[in-house]
Amino acid sequence: MQYLDEDADCVLDVFLYEPQPGTHFRTQYIEARNRAGETLNQQGCMAQLIPQAQW
């Protein structure tokens, strides 16, 4: 999944996997970057894009 905001220079990529067929997906890896591809702080990026009540 990819989250981004037109107003913020933050792109959050969330890589998911399914441990067993038919089970809930789980997060395997999270990457936060700006539009130029430079690494950003994950917590700061998540706070900009996703309301904290959802994580």
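The values are calculated or read from the model by the stated rules, or taken from the named source; none is laboratory data. Keep in mind the model is a prediction, meaning the values are calculated, not measured. Here the Cβ positions follow ideal geometry from the backbone for every residue, glycine too, while neighbour counts run over all protein chains shown. In case anyone asks, the SASA skips ligands and DNA or RNA and just uses the protein heavy atoms, side chains included. Shrake-Rupley method; radii C 1.70, N 1.55, O 1.52, S 1.80 Å.
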Legend entry - Average accessible area per residue (Å²) across the chain - probe 1.4 Å, nucleic acids and ligands excluded: 78
Inset, instruction - Could you list the residues of the range 1-31 with an amide nitrogen less than 14 Å from a label point located 7 Å from the Cα of Leu49 in the Cα-to-C-beta direction? - result: 1-16, 28-31
Inset, instruction - Could you tally the net charge around Ala8, taking each other residue with its Cβ under 15 Å from the Cβ of Ala8, Lys/Arg +1 and Asp/Glu -1? - result: -4
Inset, instruction - Heavy atoms only, probe 1.4 Å: what % of the accessible area of the chain goes to carbon and sulfur, would you let me know? - result: 47
Inset, instruction - May I ask you to order 20-28, 6-14 by the average number of other C-beta atoms within 10 Å around their residues, highest value first? - result: 6-14, 20-28
Legend entry - Student exercise, the chain dipole from Lys, Arg, Asp, Glu Cβ charges, in Debye to nearest 20: 220
Legend entry - Percent breakdown of C-alpha pair distances by 5 Å bin, ordered from the shortest bin, for the chain: 4, 20, 27, 22, 13, 9, 5, 1
Legend entry - Label-point gap, in nm, between Glu31 and Leu16 - each point 7 angstrom along Cα→Cβ: 1.8
